[in-house]
1. How large is the charge dipole for the range 5-85, taken about the Cα centre, if only the Cβ atoms of Lys, Arg (+1) and Asp, Glu (-1) carry charge, to the nearest 20 debye?
2. Going toward the positive end of the dipole of the chain, with +1 on Lys and Arg Cβ and -1 on Asp and Glu Cβ, which of Phe63, Phe22, Asn49 do you reach last?
3. Taking 7 Å along the Cα-to-C-beta vector as the label spot, tell me the Ala27-Asp9 distance in nanometres, rounded to one decimal.
4. With n ≥ 4 as the cut-off for DSSP H runs, can you work out [θ] at 222 nm for the chain, using -39500 (n - 2.57) per run divided by the number of residues, rounded to the nearest 500?
5. Using only the alpha-carbon atoms, how far is helix 51-74 inclined from the longest principal axis of the chain? Give it as 0 to 90 degrees, nearest 10.
Amino acid sequence: MNQNILFPDLQQVDTEKCAVRFEAQQAGSLIACFISIVDLEKRERVALNTEEAILAAFAGNRFDLEELAEEAIEEEDFNASGEIWVR
């Protein structure tokens, strides 16, 4: 694990993107990371119908999602908006 990439406890449901947004911090810059609610539902094998359920599912998968985001950041797998999307 690269100690230069940190994941503060900042996550929220982004209803416009139908995703959970979480932050990565690298060299003092915040990087927006996302996982779609559909992908979270696939991981959980259950429909996530409330914000509380979505955030609980994110919390349960947080370590794996941060690891995937870290790999994507290291590989510079940013989209055109400078975001990282994990699956």
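Taken together, the values in this text are just the output of simple stated rules run on the coordinates, not laboratory data. Predicted, not measured: the structure shown is a model, and the values here were computed from it. So basically every Cβ, Gly included, is an ideal-geometry build from the backbone, and we count neighbours across all protein chains shown.
1. Dipole size: approximately 300 debye.
2. Final value for the positive-end residue is Asn49.
3. 2.9 nm
4. Mean residue ellipticity, 222 nm, calculated: -12000 deg cm²/dmol.
5. Helix 51-74 sits at roughly 30 degrees to that axis.
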